[in-house]
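S.K.: Input: one structure, supplied below.
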Amino acid sequence: MEIHHAHEPWNKGKLVGQKPPLKPKDIWAIRFHLQTEHQIRDLAMFNLAIDSKLRGCDLVSLRVRDVMHADQILPTAMVVQRKTQRPVQFELTEPTRSAVAAWIKQANLKAEDYLFPSRLAVSPHVSTRQYARIVHQWVAAVGLDSTVYGTHSMRRTKATLIYKRTKNLRAVQRLLGHTKL
């Protein structure tokens, strides 16, 4: 008699598919948590992730010069996305500009430095995998299920809020830098 060991699928019991965007109350809960815990880098990263709507790989590879000119954080910034090789412009809200300025000052970053440098010598900036772990920590810290949300939740949040307010799919397409609707 042969015994077959069933191979368990990698996604058994896991949520697959699109990760949902954060709700406004979740955004404020995470911001409040990061502020009260004095997590200056994480607050800057979180705010920038929401405002920029960038993919994780583009967010972690931002340089100081991408968001700052002279000693001022820019109200709008533009970066070329790695996946599409297309430029995408985004607005930085006042809370984001304040958080990013505080982080740059605390970390003593220069224009050519990565905005979120790695603590490891082998990597110049936080990896996308580390960013994913950080996002899961933020989500779990405010009592949400960290398996439900991911880095793409950050990207989709502001776009979803804008769509709910305007119902303008073309604007959301442009904001995300998508070529197809």
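Let's see how each residue does on (1) farther than 25 Å from MET78 by Cβ; (2) surrounded by 15 or more Cβ atoms within 10 Å (Cβ to Cβ); (3) among the hydroxyl-bearing types (Ser, Thr, Tyr):
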| position | (1), (2), (3) |
| --- | --- |
| LYS105 | no, no, no |
| ILE134 | no, yes, no |
| SER153 | no, yes, yes |
| ARG165 | no, no, no |
| VAL172 | no, yes, no |
| LYS180 | no, no, no |
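S.K.: Would you please name the residue that is modelled with the highest pLDDT, looking only at residues in the stretch 138-151 that are of a type outside the set (A, V, I, L, M) and surrounded by 12 or more Cβ atoms within 10 Å (Cβ to Cβ)?
M.R.: Start the filter on the stretch 138-151 by keeping residues that are of a type outside the set (A, V, I, L, M), which leaves 138, 143, 145-147, 149-151.
Filter once more, so that each one left must be surrounded by 12 or more Cβ atoms within 10 Å (Cβ to Cβ): 138, 146-147, 149-151.
Working: TRP138: 98, SER146: 92, THR147: 91, TYR149: 94, GLY150: 92, THR151: 92.
Here the residue is TRP138.
S.K.: May I ask you to say which residue of ALA111, ALA121 is out of contact with any Phe, Trp or Tyr (no Cβ under 7 Å at 6 or more places or on another chain), over 20 Å from GLN39 (Cα atoms) and at pLDDT 95 or above?
M.R.: On the way: ALA121 fails: at pLDDT 95 or above.
The unique qualifying residue is ALA111.
S.K.: Can you tell me how many residues in the stretch 144-177 are outside any helix (DSSP H, G or I), out of contact with any strand residue (DSSP E or B) (no Cβ under 6 Å at 6 or more places or on another chain), in contact (Cβ under 8 Å) with a residue 60 or more places away in the chain and not hydrophobic (A, V, I, L, M, F, W, C)? First the steps, then the outcome.
M.R.: Residues of the stretch 144-177 outside any helix (DSSP H, G or I): 144-150, 167-168, 177.
Retained after the next criterion (residues that are out of contact with any strand residue (DSSP E or B) (no Cβ under 6 Å at 6 or more places or on another chain)): 144-150, 167-168.
The next check asks that each one be in contact (Cβ under 8 Å) with a residue 60 or more places away in the chain; those that pass are 144, 147-150.
Remaining after also requiring not hydrophobic (A, V, I, L, M, F, W, C): 147, 149-150.
Of the residues in that region, 3 qualify.
S.K.: Select from the stretch 107-131 the residues that are in contact (Cβ under 8 Å) with a residue 24 or more places away in the chain and among the small types (Gly, Ala, Ser) and write down the one among them that is surrounded by the fewest Cβ atoms within 10 Å (Cβ to Cβ).
M.R.: It comes out as ALA111.
S.K.: Return the residues of the stretch 98-138 that are of a type in the set (Lys, Arg) and under 15 Å from the mean Cα position of the chain (by Cα); say none if nothing qualifies.
M.R.: Taking the stretch 98-138 as the starting set, the residues that turn out to be of a type in the set (Lys, Arg) are 105, 110, 119, 129, 133.
If the condition is that a residue be of a type in the set (Lys, Arg) and under 15 Å from the mean Cα position of the chain (by Cα), then ARG129, ARG133 are the ones that fit.
S.K.: Please determine whether any residue of the stretch 106-115 is of a type in the set (Phe, Trp, Tyr) and within 19 Å of ILE30 (Cβ to Cβ). Walk me through how you get there before you give the answer.
M.R.: Within the stretch 106-115, the subset of a type in the set (Phe, Trp, Tyr) is 114.
The next check asks that each one be within 19 Å of ILE30 (Cβ to Cβ); those that pass are none.
No, the conditions are met nowhere in the stretch 106-115.
The values are calculated or read from the model by the stated rules, or taken from the named source; none is laboratory data. Because the structure is predicted, anything quoted here is derived from the model rather than measured. Don't worry about glycine lacking a Cβ; one is built from the backbone with ideal geometry, like all the others, and counts go over all protein chains shown.
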